[in-house]
Amino acid sequence: MNGQAMALKFQVLASGSKGNAIYVASESTALLVDAGLSAKEVVRRMEGSDLSPRRLAAVLISHEHSDHIRGVGVLSRRFDLPVYLTQATLEGLPSQLGELAAAHIIQSGRTFSVGDLTVHPFALSHDAADPVGYLVEHNGCRLAICTDCGTVTQLVRARLQQCHGLILEANHDVHRLIHGPYAWHLKQRIRSRHGHLSNEECCDLLQEVNHRNLQVVVLAHLSEINNDPRLVRDTLGQKLRREQWHHVRFLIAAQDRTSPLCELNP
């Protein structure tokens, strides 16, 4: 893609049950969406990708589970970063995170801006206090981040329409989950409306939101126990007709390494 015409760039620094963090930036404004690794590890991964933590303008938090907030306290204080999150998420943060440099309360459905980035938080169905996904927009270019989502609502479908980039959950393979080592109550939680999307559910959603201007899809939040990149690729191959997706770059995010930097153009 032509970097000179770039409207948005993003990079998944980590994705999975042990920690999640996503870097999103225009030419002049950079955000971190979730900080589920230690602050030291977030900085290490950013610097390893030639991204400067000191360029960050804010951290956006999707919900209060530890794999999304582990490093937010230290990062906020160290780099004097405001943290955007819902009131219920703020109240659910554990005390050991310490003080935040500043907390900006957001509400799903209410748009706000950070620098030249416009952010649309939208409600998700997950077993957290008030979980949200994020639609980040700049100069007509749109990136949607939708993980930790137990069911696909009409709202989710609407927010993912006409996006140039998608970071979407493909958490588990149903057969591997059902026949795997998890306790039955955990299996029920994951498969519930407040759990996580399966590979098949992810593909069904992709079929509904595909369009000619979609450029990049990142499959994220894979379970290390109940999924595997090969299973994700197999499901994509079985459920998506290749000729309808030739214009889209597919990536599978990993827990232990950063994904490639992606650039989106309007």
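Quick notes on this structure:
- Pair list, Cβ under 8 Å, 6 or more apart: the range 197-219 residue touching a residue at least 24 places away in the same chain (Cβ under 8 Å), other residue basic (Lys, Arg) and part of a helix (DSSP H, G or I): Ser198/Arg191; Glu200/Lys239; Cys203/Lys239; Asp204/Lys239; Leu205/Arg157; Gln207/Lys239; Glu208/Arg157; Val209/Arg157
- Looking across the range 124-150 at every residue that is out of contact with any strand residue (DSSP E or B) (no Cβ under 7 Å at 6 or more places or on another chain) and more than 18 Å from Leu219 (Cβ to Cβ), the one that is surrounded by the fewest Cβ atoms within 10 Å (Cβ to Cβ) is identified as Gly140.
- For the range 95-111, filtering for residues that are in a loop (DSSP other than H, G, I, E, B) and either under 19 Å from Gly133 (Cβ atoms) or free of Cβ contacts under 8 Å to residues at least 12 places away in the same chain (or both) leaves 5.
- Elements of the type helices (runs of 4 or more DSSP H) sitting completely within the range 163-225 and holding at least 2 residues that are touching a Phe, Trp or Tyr at 6+ places or on another chain (Cβ under 7 Å): there are none.
Table: residues versus (1) surrounded by fewer than 20 Cβ atoms within 10 Å (Cβ to Cβ); (2) in a loop (DSSP other than H, G, I, E, B); (3) without any contact (Cβ under 8 Å) to a residue 40 or more places away in the chain.
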| residue | (1), (2), (3) |
| --- | --- |
| Ile22 | no, no, no |
| Leu32 | no, no, no |
| Ala35 | no, yes, no |
| Asp50 | yes, yes, yes |
| Glu64 | no, yes, no |
| Leu75 | no, no, no |
| Leu85 | no, no, yes |
| Ser113 | yes, no, yes |
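- Residue in the range 3-19 that is touching a residue at least 24 places away in the same chain (Cβ under 8 Å), of a type in the set (D, E, K, R) and in a strand (DSSP E or B) present: yes
No value in this document is a laboratory result; all are computed from the given coordinates. All values derive from a computational prediction rather than experimental measurement. All Cβ positions, even for glycine, are placed from backbone atoms using ideal geometry, and neighbour counts span all protein chains on display.
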